[in-house]
Amino acid sequence: MRHKKVKYLISAVLITGAVLTSTYSFAQIIEKPVTFKKGSYGTVLKGSFKGYDTVHYTVYAKAGQQLALDLIGKNNLAEVNIFAPGDRPGISEAISRSSVDGGSLEITLNETGTYTIQVYQMRNTARRGQVANYNIDLKIFN
């Protein structure tokens, strides 16, 4: 009888592990390059995503330019990290994080290259599978 209980317990642990692992493995990373209309230095990025999904906007800028960003989360679930050229979310440290620096920021860029703007939601809402809707007013100027 005890042997059967151990078998059921092991099965339950394995199934739970598989379910939790699949939650993370199905998360999507949506890559979107940002382009500005000719003569313009800004644009509005709009979208939504669910759970652990994340959106990576890539934008080219030169050293010394200003990056201004205003995050308008329609349901206040979206957060933003900004990564320098060559740095990647999940591997490198962000040069700016809305969870620390706030949703409106202006920074001077130190390097020329392609910056990544990661839009995501915090784990407590992501694990519930909530949908994050957002608008980001993005400007890059001298």
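Calculated FRET efficiency, T108 to I29, Cβ-Cβ distance, R0 = 35 Å: about 0.80 to the nearest 0.05. Put simply, the amide H of G73, placed in the peptide plane, has neighbours under 5 Å in N135, leaving out anything fewer than 5 places away on its chain.
Label-to-label distance, I72 versus V100, with points set 7 angstrom from Cα along the beta-carbon direction: 2.8 nm. Each residue of the range 98-112 is assigned a 3J(HN,Hα), and the resulting list reads 5, 5, 10, 8, x, x, 10, 8, 9, 10, 8, 7, 8, 10, 8 Hz, derived from the Karplus form 6.51 cos²θ - 1.76 cosθ + 1.60 (θ = phi - 60°), x at Gly and Pro.
Phi angles of the range 35-49 translate, via the Karplus equation with coefficients 6.51, -1.76, 1.60 and θ = phi - 60°, into HN-Hα couplings of 10, 9, 5, 4, x, 10, 10, x, 7, 10, 9, 10, x, 7, 7 Hz per residue; Gly and Pro are given as x. In this label model, R88 and S48 are separated by 3.0 nm, measuring between points 7 Å along each Cα→Cβ vector.
In percent, rounded to a whole number, the relative contact order of the range 21-142 is 41, using alpha-carbon pairs under 8 Å and six or more apart. For the range 28-141, dividing the convex hull volume of the Cα atoms by the residue count gives 92 Å³ per residue. For the peptides 42-48, 71-77, residues were scored by their other Cβ atoms within 10 Å and the scores averaged per peptide; the highest-first order is 71-77, 42-48. Of all DSSP-defined beta bridges confined to the range 28-141, some 90% are antiparallel rather than parallel.
The numbers here are math on the coordinates, done by the rules we state, and not lab data. These figures come from a predicted structure and were not determined experimentally. Note that each Cβ is placed from the backbone with ideal geometry, even for glycine, and that neighbours are counted across all protein chains shown.
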